[in-house]
Amino acid sequence: MAAPVDLELKKAFSELQVKMIDTQQKVKLANLQIEQLTHVQKHANLTRAEIDTLGDDTRMYEGVGRMFILQSKEGITQQLKTKQKTAEEKIKELEKKIYLERSVKEAEDNIREMLLSRRAQ
């Protein structure tokens, strides 16, 4: 009668292992994306701070592919604000997805409970 419990335990353990590996990969990816977006945010903030020190009549160019297009100061500032806001929203969204770590912990707890109940028998 111990064999069905062992099979059930092995199956649950292998499912947990697959789930943990998958979740760990997703968490690493989310952390990398957050790091990258933070870098974009800082870059946009620094660029905007530098542009704010320039006069309104300063000619500014935006890089598009291999060419540069003349842009107004307001246009470039607005693009940088938009880029910063978008990065901030994506970071918040990714931080919400870190709940995955909790799901792995819950699965681990379930396996522990199974092991403890098996030992108690």
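The values are calculated or read from the model by the stated rules, or taken from the named source; none is laboratory data. Just so it is clear, the structure is predicted and the values come from calculations on it, not from any experiment. As a convention, Cβ positions derive from the backbone with ideal geometry for all residues, glycine included, and neighbour counts pool all protein chains shown. Accessible surface is based on the protein model in full, side chains and every heavy atom, while ligands, DNA and RNA are left aside. Shrake-Rupley method; radii C 1.70, N 1.55, O 1.52, S 1.80 Å.
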- Kindly establish whether Val104 is within 21 Å of Gln41 (Cα to Cα) and either free of Cβ contacts under 8 Å to residues at least 40 places away in the same chain or of a type in the set (Val, Ile, Thr) (or both). no
- Message: Just the residues that are over 22 Å from Lys42 (Cβ atoms) and touching an Asp or Glu at 6+ places or on another chain (Cβ under 6 Å), please, taken from the range 54-84.
- Response: Ile69
- Qualifying residue in the range 53-71 (condition: of a type in the set (Asp, Glu) and assigned to a helix (DSSP H, G or I)): no
- Among Lys92, Lys83, which is the only one that is in contact with a His (Cβ under 9 Å, 6 or more places away or on another chain), open to solvent by 100 Å² or more (accessible area, probe 1.4 Å) and in a helix (DSSP H, G or I)? Lys83
